[in-house]
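> Could you have a look at this structure, given as structure tokens, before my questions?
The values are calculated or read from the model by the stated rules, or taken from the named source; none is laboratory data. Note that the structure is a prediction, hence the values are computed from the model and not measured. In this analysis, Cβ positions are derived from the backbone assuming ideal geometry, glycine residues included, and neighbour counts consider all displayed protein chains. Just the protein is used for accessible areas: all its heavy atoms, side chains included, with ligands, DNA and RNA removed. Shrake-Rupley method; radii C 1.70, N 1.55, O 1.52, S 1.80 Å.
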There are 2 protein chains.
Amino acid sequence: MDKRVLKQEMLKILQPEQVLADDLDLMYYSYDSSFLTKLERVYPDIVVLPRATEQVQRIVRFAYENNIPVTPRGAGTGETGGAVAFNGGIVIDLSTWDEIVEVDVSNMQVVVRPGVIHADLNNHLAKFNLFFPPDPGSSLMCTIGGMVANNASGLRAVKYGCTEQYVLGLEVVLPNGEVITTGGIRSKAIKNVSGLNLTKLMVGSEGVLGIITKIRLRCWPKPKARGIAMAVFSKLDDAPATVLEVYQAGILPSGIEILDKSAIKAVNQFKPEIGLPEDAEAILLFEVDGNAPSVEWEGTNIVEIAKRRATKVEWATDPQRMASLWEGRSVTATAAARVRPDGSRVFAGEDISVPLSRVAEALRAIRSLGEKYGIPVVNYGHIGDGNVHTAPVIDPENPAEAEKANQLVHEIHLLAIELEGSTTGEHGVGAVRRQYAELEHGEALKVMRLIKNAVDPKGIMNPGKLI
Amino acid sequence: MDKRVLKQEMLKILQPEQVLADDLDLMYYSYDSSFLTKLERVYPDIVVLPRATEQVQRIVRFAYENNIPVTPRGAGTGETGGAVAFNGGIVIDLSTWDEIVEVDVSNMQVVVRPGVIHADLNNHLAKFNLFFPPDPGSSLMCTIGGMVANNASGLRAVKYGCTEQYVLGLEVVLPNGEVITTGGIRSKAIKNVSGLNLTKLMVGSEGVLGIITKIRLRCWPKPKARGIAMAVFSKLDDAPATVLEVYQAGILPSGIEILDKSAIKAVNQFKPEIGLPEDAEAILLFEVDGNAPSVEWEGTNIVEIAKRRATKVEWATDPQRMASLWEGRSVTATAAARVRPDGSRVFAGEDISVPLSRVAEALRAIRSLGEKYGIPVVNYGHIGDGNVHTAPVIDPENPAEAEKANQLVHEIHLLAIELEGSTTGEHGVGAVRRQYAELEHGEALKVMRLIKNAVDPKGIMNPGKLI
């Protein structure tokens, strides 16, 4: 459709400030955090910023009638190109629709519009002694809508699970413009097994089945206390072995993070004053939370278990000391980007997930792959659930390096599948990991496509993503 | 199809002892625990007991080619007629296929065939310091396959969630006989956001999308300690108010159960030696678990909070005293059935779920409805997540009473929806709650049907159930 006509049509539905069509405006929507869109910008025809279900409905109905692709977008912090309009058309930016509709304290739940920022939600919930446990690294930027669409998680998934675990119901605008409410039209129930579980099908569906316009989340009582243990290992395999022994002791920490040799080196180079032990092969960080006596008991036991293998163990509940122990982990992502003065970090192949028993094997193999391609790779991540983050660092302006990085990333993805894992533990598939869908899912991919076609027969909803 | 021909065909796939076609055998498959099938038995044409994926595949493919309805069945402990063949055809009894394929201790997961009994699984996992948290009342009988198909839960859902939270992957024989593996063909990952979440769509789909033949479950470290608090209230509203204050104190008990006046009376009538306080309007039972210091802290705090409203509070960690405090709750279901010497309990309308803030209102309204119809109703259940169990007691041989019970149950279901809850918190829809699907889900029901038709275009898979 002619872009001017498209703009006129959108202005029938929205106010002028809710419609963006200038090149400069569209530029901001031509990428996300993925390497793919860093290499090549992709522009939508138009961007709209609705703030009402009826507006979304009218936009989508218009798109449906005119076969125009629709790409929903939150804060654009994704690393898969999921919110980028590879087929052009309309980007629906939901980030300005950020209303916390209702905190229902007596039923331990909250209703939000998709644009609410994760950190803002938890700051607001804290006033009611509640919290929404998933905690992505992009907490200060990412939207709840984006988290639901991608089934985001983060540090605390090991104990608290992913976003899906907290989603009780959704309002969704379907590809044909109809609006449904999953989890019961008027329901405020916490438990509900009536009907097919469309809520959980929509979570993580990356916008290919519809636009999420309202979210009902279960909240949890906010834990009263927290503690951090750090353990340093001179042998890589000692790290997963220690994690397993902690589990065996009946302890489920709220987070278990690993920095391998590459990450330790990167952190020390970036901030020498942190002073991580240079000769270590791995550092584990355990976070435990709960009531104070429980935190103390778990900390004491983790220390005792870790001491069997670690060269150094420290435990802290003092906020300042905790922050200091955690600092190495906090700066890893930034530090990774600085391992080469002329380099920058590539967000690709950055999110594999493998069984805990194969984490050490995965880290060693990734190191070898980095050497094979001559690319430094920094490894860290959520070892508690096998979700490893890898950061290849290249000069992205150098096409030969970019090409090598893509080959490296391809091998990392294949490695994850080979090690009985997945190409993505939390960041999603988007446009960048679709090619592995058949290898990961086999015949199940057919069923995914049957469902996609049934719900979106014209294929207008976030085309080119997920499946 | 002629039953003799059907039997011959099944004998081409299975051994003679795996095929049941005699009337007496079929009689055992003509009902489950539902009131509906107590009133009217429904016979399948044949029952088969496969113990291999390939056998299930051949059976289903034959059914598909010949348009024969297929009804999967576990232990038949369901209360919705979900495993009863209302349209005749083949019942696939999976209860004898009870292999624990693999306990993968180092990855905190277990792979089972559908017929494994819940209690057997947890007894086995205990050897490895692991457990599968959901705990249905029918633990000694029900199968893991049935739990997955119904997204079962029980006492501990308030802290540990429902079955779905633990299902990492499924092998499913589709209605056309094809076999898929959800959650990744070879995956042992705990976190995996690749592809549409077919795993969670299958959980709770009550057999309408396929036959579950293998289940990969996440396990948790087994908690080391447990404690029980009992609180007695002279005002019904004080019970939910206390529950809310416990949450507000940052405590998430592993179970919070309520017995209202009707249940207290039933228990005392059935077993006077338990000696529950006759004048109480409600009794709450809190179970907390975790490490010992945490259990002690939570118990102490629950007691302090409960004392603000309760007439009596007791806390125990001694196993014998815990069992004794819990005894009233343990015998409630049995006691309910004995409130009339000539009566028996009806399993219908037994499983509504309402928001915590409306539990007291629900219990009062159910009492009034019981009086309106002249039917004693015993109320108890999982107040922590608003899942109330109601037990109408009638003489089922008396058609007038049965008719009145059905009217009562209908009003209970409507009440649940009216109170912003659901007709079913954990038992499912099956054949008995389909009529409320539109009222509960509205337009979303259309999407459920689109998915059902896409996956099962011939409609052979458990017809007449769920949607």
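> Could you do me a favour and compute the accessible area per residue for segment B:225-419, 1.4 Å probe, result in Å²?
Values: 6860 Å² over 195 residues.
Result: 35 Å² of accessible area for each residue.
> Next question. At a temperature of 20 °C and a viscosity of 1.002 mPa s, determine how fast segment A:84-164 diffuses translationally according to Stokes-Einstein, using the Kirkwood radius over alpha-carbon pairs as Rh; express D in µm²/s, rounded to the nearest whole number.
On the way: Rh = 13.4 Å.
Stokes-Einstein gives a translational diffusion coefficient of 159 µm²/s.
> How far apart, in nanometres, would the label points at A:GLU443 and B:LYS127 be if each is projected 7 angstrom from Cα along the Cα-to-Cβ direction?
Those two pseudo-labels are separated by 3.2 nm.
> Right, something else. Set the Förster distance to 22 Å, then compute FRET efficiency between A:GLN269 and A:GLU327 from the Cβ-Cβ distance, nearest 0.05. Can you show the working numbers first?
Numbers: r = 15 Å, r/R0 = 0.66.
The pair A:GLN269/A:GLU327 has a calculated efficiency of 0.90.
> For segment B:36-80, report the accessible area per residue in Å² (1.4 Å probe, heavy atoms, rounded to an integer).
So segment B:36-80 comes to 42 Å² accessible per residue, rounded to a whole number.
> Based only on Cα atoms, what mean projected area does the convex hull of segment A:225-419 have, in nm²? Could you put the intermediate results ahead of the total?
Numbers: hull surface 41.2 nm².
Mean projected area of the Cα convex hull: 10.3 nm².
> Solvent-accessible area per residue for segment A:100-221 at a 1.4 Å probe radius, Å²?
On a per-residue basis, 24 Å².
> Let me ask another. Within segment B:275-373, report the GluC sites (Glu not before Pro) that DSSP leaves as loop and that have at most 15 other Cβ atoms within 10 Å. Spell out each step's value before the answer.
Working: sites: B:GLU278, B:GLU281, B:GLU287, B:GLU296, B:GLU298, B:GLU304, B:GLU314, B:GLU327, B:GLU350, B:GLU361, B:GLU371; in loops: B:GLU278, B:GLU281, B:GLU350.
When the GluC sites (Glu not before Pro) of segment B:275-373 are filtered for loop state and at most 15 Cβ neighbours within 10 Å, B:GLU278 remain.
> Give me the summed buried accessible area for the B-A pair, 1.4 Å probe, to the nearest 100 Å². Display every interim value, and only then the final one.
Numbers: alone 19900 and 19910 Å², together 32190 Å².
Result for this pair: about 7600 Å² buried.
> Accessible area of segment B:306-458 with a 1.4 Å probe: how many percent of it is carbon plus sulfur?
Details: 2900 of 5850 Å².
That share works out to 50 percent.
> Now for a different question. Where does chain A land on the Kirkwood hydrodynamic radius, alpha-carbon pairs, in angstrom? It would help to have the intermediate numbers written out before the result.
Values: mean 1/r = 0.0433 Å⁻¹.
Evaluated on chain A, it is 23.1 Å.
> Percent of Cα-Cα pairs more than 48 Å apart in the protein assembly as shown, please.
Details: 98524 of 435711 pairs.
Considering the protein assembly as shown, 23 percent of its Cα-Cα pairs are separated by more than 48 Å.
> How many percent of the accessible area of segment B:100-221 is carbon or sulfur, using a 1.4 Å probe? Walk me through the numbers before you get to the answer.
Numbers: 1530 of 2930 Å².
Summing carbon and sulfur atoms, their accessible area is 52 percent of the total for segment B:100-221.
> Using r as the Cβ-Cβ distance of A:GLU418 and B:ASP342, and R0 as 41 Å, what FRET efficiency do you calculate, to the nearest 0.05? Before the final figure, lay out each step's value.
On the way: r = 66 Å, r/R0 = 1.62.
About 0.05, to the nearest 0.05.
> Please name the residues of segment A:93-131 whose accessible area, counted over protein heavy atoms with a 1.4 angstrom probe, falls by no less than 30 Å² between the chain alone and the full protein assembly.
A:SER106, A:ASN107, A:MET108, A:ASN129
> Further, regarding this structure: Provide an ascending nm list, one decimal, of label-point separations from A:GLN8 to the equivalent residue in each further copy; define each label point as 7 Å from Cα along Cα→Cβ.
In ascending order, 7.2 nm.
> Please name the residues of segment B:180-205 whose accessible area, counted over protein heavy atoms with a 1.4 angstrom probe, falls by no less than 50 Å² between the chain alone and the full protein assembly.
With the partner chains in place, segment B:180-205 has these residues losing at least 50 Å²: B:ILE185, B:ARG186, B:LYS188, B:LYS191, B:VAL193, B:SER194, B:GLY195, B:LEU196, B:ASN197, B:LEU198, B:LYS200, B:LEU201.
> Considering only the label points, 7 Å along Cα→Cβ from Cα, what distances in nm to one decimal separate B:PRO272 from the same position in each other copy, shortest first?
Relative to the other copies, B:PRO272 has label-point distances of 8.6 nm.
> Which distance in nm do the two modelled labels at B:LYS12 and A:GLU304 give, with both placed 7 Å along the Cα-to-Cβ direction?
So the two model labels end up 6.4 nm from each other.
> Something else: Please give the residues from segment A:423-467 for which the solvent-accessible area of heavy atoms, probe 1.4 Å, is smaller by at least 40 Å² with all protein chains in place than with the chain isolated.
A:GLU440, A:HIS441, A:GLU443, A:ALA444, A:VAL447, A:MET448, A:LEU450, A:ILE451, A:ALA454
> Let me ask something else about it. Under the rule of -39500 (n - 2.57) per DSSP H run of 4 or more residues, summed and divided by the residues of chain B, what mean residue ellipticity at 222 nm is obtained, to the nearest 500 deg cm²/dmol?
Values: 17 runs with 166 residues, N = 467.
When only DSSP H runs of four or more count, the value is -10500 deg cm²/dmol.
> Run the quick spin-label model on A:ARG186 and B:GLU397: label points 7 Å from Cα toward the beta carbon, then report their separation in nm to one decimal.
The two pseudo-label positions are separated by 4.2 nm.
> A further question on this structure: Sorted from shortest, what are the nm distances separating the label point of A:GLU327 from equivalent points in the other copies, each placed 7 Å from Cα along Cα to C-beta?
6.0
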